[in-house]
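The values are calculated or read from the model by the stated rules, or taken from the named source; none is laboratory data. Quantities reported herein were computed from a predicted structural model and do not represent experimental measurements. Don't worry about glycine lacking a Cβ; one is built from the backbone with ideal geometry, like all the others, and counts go over all protein chains shown.
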Amino acid sequence: MSDPAPVQHFIRSIIEADLASGKHAAITTRFPPEPNGYLHIGHAKSICLNFGLAVDYQGACNLRFDDTNPEKETEEYASAIQEDVRWLGFNWHGEVRWASDYFPALYDYAEQLIGKGLAYVDDLTPEEMREYRGTLTQPGRASPHRARTTEDNLDLFRRMKAGEFPDGSRTLRAKIDMASPNINLRDPVIYRIKRAHHIRTGDTWCIYPMYDYTHCISDALENITHSLCTLEFEDHRPLYDWVLDQLSVPSHPRQIEFSRLELHYTVTSKRKLNQLVTQGFVSGWDDPRMPTIHGMRRRGYTPAGIREFARRIGISKSDNVIDMGVLEGCIREDLETKVPRVMAVLNPLKVTLSNYQEGVTASRAAGFHPNHPEFGERDVPISREIWIEQDDFSENPPAGWQRLTIGGEARLRYSYVIKCDEVVKDTEGRVIELRCSIDHETLGKNPVGRKVKGVIHWVSKAHALPIEARLYDRLFLDAEPDSHKDRDFLEFLNPESLTVVNGWAEACVAQAAPETRYQFERLGYFCADRYDHQPGERMAFNRTVTLKDSWSK
């Protein structure tokens, strides 16, 4: 993995200062997703940051699953996340870690807090707790159970663990400051009763720790040096530090926040992505229109292109709202130099070459990339009947038209100049065939005495392979579909985000394996589908990105 030089940002400056001062001999970061859905482009930014810093500073990055909410977590999601991290080009340090690995330690630390008079068992209902918490302008009120003795709290907490009480009937709360201007410090819940089967611990536990309590201790137990998270956790940092300050943990990591990624023309809320899946607006989490890493991979996006996108958008505390064109541009630039080019026709119009002569009309070899001869070449065969794009013919061409028209000439890419002599129409007046003649003196050279500027792509009807092309576009028509308070984001779905067409491609793609990428000349970049493409049987190609940004104003 050889990417461009990293861009300096404030987190790098912090790390470099910590290393230079001797505060840390090496850095350890972590990527801590919850296995309750597939990762999206925002997670890709975090992956590139956490794993990338570990690579650049010869440190380590842990992969740790935050599996504290068992009702929504599955092995499917956990496996997909590991696959995504590897596909993006990164490896985690040691074994995969899980918050559940630390459940016994987290419980013991909770008893420590109780023993120090810093946690208590509360009987308030969630509704009552909200009422007692106060508001941004009014302080909270102490729970009537806040004054329980240490002995009572230890007894009740152990009975919670033993399963004596119903779900939701009691919680363990940290005892901090009900008058704090930071609501996160108003005696936050750190344990709740929840009887739910856990993907790793089964039914061993009926109490589960809350994220804010679990995360900081997990970081400390793993000796994380820099705990990087998005800005919505900035107000949680005092709680992160408070918990660690009260306990005998092996380290005290530094939490640092950065702005999350907001990408135009999509949504990154897991709830809304799940809604798109469950209500059938997309075919699944890996639908190529989805901003998930699985979806982007299936569409044909490249790991290097996504890493370059993460590098280009940078890391800061300011809003990180990025136009989709930036991401598509990074993918386009990566594919430009790395994938072979072939011809395909997706809106076919039959052309009959009237003076085609078997044994005289010749084929030519053509390279797969004009700047990369090492990609090799293939034969581009020709036959009496060929396919061209419907759009490459016009009966009433506009000014400057350089493609086929009645009596006009154009060059077939890698082949002859042809002239349109006759148009065949159906009973409704639609053009269904062109009859053209070949200038046999123009194979590999210009015609004598005239200039032919237009070049069109084509395939031989006798040799071409039938393909299914999925033409993907942006999933939403609005740049910020979930920003309208009075409208449902689903109202902005793009009805033309997927168009499926049947076309033809050069025979050289016959053995293309799933996830093989091509530039279909003049049409865009395409990728053989991960699952539906079967070489020699069903040739299914997803349009990854157009050759130019068709959305730019």
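A few remarks follow.
- Failed item, numbered, when ASP241 is tested on (1) surrounded by fewer than 18 Cβ atoms within 10 Å (Cβ to Cβ); (2) in a loop (DSSP other than H, G, I, E, B): (2)
- Listed here are the strands (runs of 3 or more DSSP E) enclosed by region 337-421 that have at least 1 residues being under 29 Å from VAL500 (Cα atoms) and in contact with a Gly (Cβ under 7 Å, 6 or more places away or on another chain): 348-353, 409-412.
- Hits in region 17-37 - residues which are under 30 Å from THR68 (Cα atoms), among the polar types (S, T, N, Q) and not in a loop (DSSP other than H, G, I, E, B): THR28, THR29
- Test: residue in region 463-472 that is outside any loop (DSSP other than H, G, I, E, B), of a type in the set (Ser, Thr, Tyr) and in contact (Cβ under 8 Å) with a residue 24 or more places away in the chain: yes
- Given (1) at pLDDT 95 or above; (2) under 30 Å from GLY295 (Cα atoms); (3) of a type in the set (Ser, Thr, Tyr), index of the condition SER269 fails: (1)
- Index of the failed condition, ARG200 passing every other in (1) crowded, with 16+ Cβ neighbours inside 10 Å; (2) touching a Lys or Arg at 6+ places or on another chain (Cβ under 9 Å): (2)
- Test: residue in region 395-405 that is of a type in the set (A, V, I, L, M), buried (at least 17 other Cβ atoms within 10 Å of the Cβ) and farther than 14 Å from THR361 by Cβ: yes
- Residue under evaluation ASP219, criteria (1) assigned to a helix (DSSP H, G or I); (2) at pLDDT below 95, criterion not met: (2)
- Among the residues making up region 170-195, those that are charged (D, E, K, R), assigned to a loop (DSSP other than H, G, I, E, B) and closer than 18 Å to GLU111 by Cα are ARG170, LYS175, ASP187.
- Region 136-184, subset hydroxyl-bearing (Ser, Thr, Tyr) and at pLDDT 95 or above, residue surrounded by the fewest Cβ atoms within 10 Å (Cβ to Cβ): THR149
- Looking across region 430-444, the residues that are within 19 Å of ASP391 (Cβ to Cβ) and crowded, with 17+ Cβ neighbours inside 10 Å come down to LEU434, CYS436.
- A search for C-beta distances below 9 Å between a residue of region 185-198 that is in the same structural domain as ARG130 (by TED's automatic domain parsing) and among the charged types (D, E, K, R) and any residue that is surrounded by fewer than 19 Cβ atoms within 10 Å (Cβ to Cβ) and at pLDDT below 95, counting only pairs 6+ apart in sequence or on different chains, returns LYS194/GLU71.
- Residue in region 14-33 that is nearest to VAL321 (Cα to Cα), counting only those that are out of contact with any strand residue (DSSP E or B) (no Cβ under 7 Å at 6 or more places or on another chain) and not aliphatic (A, V, I, L, M): GLU16
For (1) loosely packed, with under 15 Cβ neighbours inside 10 Å; (2) under 25 Å from the mean Cα position of the chain (by Cα); (3) free of Cβ contacts under 8 Å to residues at least 12 places away in the same chain, each residue gets a yes or a no:
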position	(1), (2), (3)
HIS9	yes, yes, no
SER13	yes, no, yes
ALA25	yes, no, yes
THR28	no, yes, no
PHE31	no, yes, no
GLY37	no, yes, no
ASP56	yes, yes, no
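- Filter pass, VAL267 being crowded, with 18+ Cβ neighbours inside 10 Å and either among the aromatic types (Phe, Trp, Tyr) or farther than 20 Å from GLY115 by Cβ (or both): yes
- Qualifying residue in region 340-349 (condition: touching a residue at least 12 places away in the same chain (Cβ under 8 Å) and within 30 Å of GLN8 (Cα to Cα)): no
- In the set (1) β-branched (Val, Ile, Thr); (2) assigned to a helix (DSSP H, G or I); (3) touching a residue at least 40 places away in the same chain (Cβ under 8 Å), the condition left unmet by VAL326 is number (3).
- Restricting attention to region 205-234, the residues that are without any contact (Cβ under 8 Å) to a residue 40 or more places away in the chain and not aromatic (Phe, Trp, Tyr) total 6.
- Within region 31-56, the set of residues being in contact with a Ser or Thr (Cβ under 7 Å, 6 or more places away or on another chain) and either closer than 15 Å to HIS93 by Cβ or at pLDDT below 95 (or both) comprises PHE31, ASN50, LEU53, ALA54.
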